[in-house]
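Contents: one structure, followed by commentary.
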Amino acid sequence: MSGGDMAKPLLGHQNTERDPSIMPAAGRTIGVLGSGDFARSLAIRLVCSGFKVVVGSRNPKRKAGLFPSAAEVTFQAEAVKKTDVIFVAVFREHYSTLCDLADVLAGKILVDVSNNTEINHHKESNAEYLASLFPACTVVKGFNVVSAWTLQSGARDGNKQVPICSNNQEAKRTVAEIAQVMGFTPVDMGCMSSACEIENIPLRLLPAWKIPTFLALGLFLCFFTYNLVRQVIHPYITEQKNKFYKIPVEVVNTTLPCVAYVMLSLVYLPGVLAACSQLYYGTKYRRFPDWLDQWLQHRKQIGLLSFFCAALHAVYSLCLPMRRSHRYQLIETAVKQAVEKKMNIWVEEEVWRMEIYISVGIIALGLLSLLAITSLPSIANSLNWREFSFIQSTLGFIALVISTLHTLTYGWSRAFDENQYKFYLPPTYTLTLLVPCTIILAKVVFSLPCVRQRLLRIRRGWEKGRYVKFVLPSPTGEYSSGETSSNV
């Protein structure tokens, strides 16, 4: 990174002027204990954000060249004396080396930025352990989810959220102001008991992707085995033909669209089930089962995996003519036609089928690409709710319908050809049509005026069986109140 970029603070001068609450934080002196990679990146970011930085090191002369010239590098005791807010950028096992500074650290705010190597590696969090070593200090947990690269590159190149927690509200506010000036978004996670959860955040590997990934792998294995039996095992047993060469490309290419198609349908199936549940119980306030709730929360990941499989299918399809086996088959077909003296092999129905099949497939892939792009946080945040809902819901359903047309044109009339049922197993695409067609049929039913109006009323707060008060005029001109069921 160039020195010019590092010299520019993340927040412009105008942003600081607009928020008076963060003005006191800018320009104050911040201490950093430690001389590792994170400590150096933290010092650089603080200097570029307009803070005065004092770095405490056990070997200040040797470490001074690693820090920006604007930062003062001195002994730990001297650094602690010059500031009230100190970032403790050392490992947990080295906390005990700071015990000699207990007297000068008294009354200071210590920001613990450490992480563990394993989830719940210790019974107590690092921040709680640090607080037990220095009871006269106020400990704040924060900045542990930010990498050294993000600190040097700026918050614009990484996640801007910085979870913080502490038992002292004033200390949390001070650290939050510092985070804001540095260009981050502080997230108050409550008291110190949340430190363990915050420390586990960087250690989790794509937690929201585990179930969708296993689902995609499971579907891939099932369809791959099914296609392997039909395309390779069947001709080998019945005709003694060796077609194992189809496994790396052709069988995989037949499997990928099946997975993509079913995964796309699984994005919209939980919405159908949720609507059926609301119609059945006549309320939107009844909680969904846990499995359905988890399913609804994983729709984004399922949709992105669907797009990934569809993109791979497109690439594999483009590479089909490049195979050596395909060239041999073309030459063999041409030789047979020459021997049989067939001059015209044009089949109008097949030509139209393939033209429509490819065209519809391109449109479906384009819509899936739009859905995938708008799922990215940077794009989704630039859309209002109506725009996001239109793309993800309306265009997503259109993508499902077009994908269904793509599958139907691929199958065409071959679904009624008994030669396609190998080992009495139906073609793969007929199996993939079950769930999407059910969803499309359900959407058609939901679009009927009587069903649609009832569903809208439920989602606006109407409940079946709820009693409401009403007022009736009496013969004397006075009004009397009564009750009736809201579903009458």
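The values are calculated or read from the model by the stated rules, or taken from the named source; none is laboratory data. Just so we're clear, the structure is a prediction, and the values are computed from it rather than from any experiment. In this analysis, Cβ positions are derived from the backbone assuming ideal geometry, glycine residues included, and neighbour counts consider all displayed protein chains. Ligands, DNA and RNA are excluded from the accessible area calculation, which covers all protein heavy atoms including side chains. Shrake-Rupley method; radii C 1.70, N 1.55, O 1.52, S 1.80 Å.
Would you point out the residue of the range 336-355, among those that are aliphatic (A, V, I, L, M) and either modelled with pLDDT under 90 or open to solvent by 100 Å² or more (accessible area, probe 1.4 Å) (or both), that is farthest from Tyr410 (Cα to Cα)? Result: Val339. Can you tell me which residue within the range 281-315, out of those that are of a type in the set (Phe, Trp, Tyr) and either at pLDDT below 90 or in contact with a Ser or Thr (Cβ under 9 Å, 6 or more places away or on another chain) (or both), is surrounded by the fewest Cβ atoms within 10 Å (Cβ to Cβ)? Ranking the qualifying residues of the range 281-315, first place goes to Phe288.
Taking the condition modelled with pLDDT of 95 or more and either of a type outside the set (A, V, I, L, M) or open to solvent by 50 Å² or more (accessible area, probe 1.4 Å) (or both), does Phe223 pass? Criteria met by Phe223. Being open to solvent by less than 60 Å² (accessible area, probe 1.4 Å), touching a His at 6+ places or on another chain (Cβ under 8 Å) and either closer than 14 Å to Leu264 by Cα or not assigned by the TED database to the domain that holds Leu217 (or both), is that true of even one residue in the range 363-376? Among the residues of the range 363-376, at least one is open to solvent by less than 60 Å² (accessible area, probe 1.4 Å), touching a His at 6+ places or on another chain (Cβ under 8 Å) and either closer than 14 Å to Leu264 by Cα or not assigned by the TED database to the domain that holds Leu217 (or both), which makes the answer yes.
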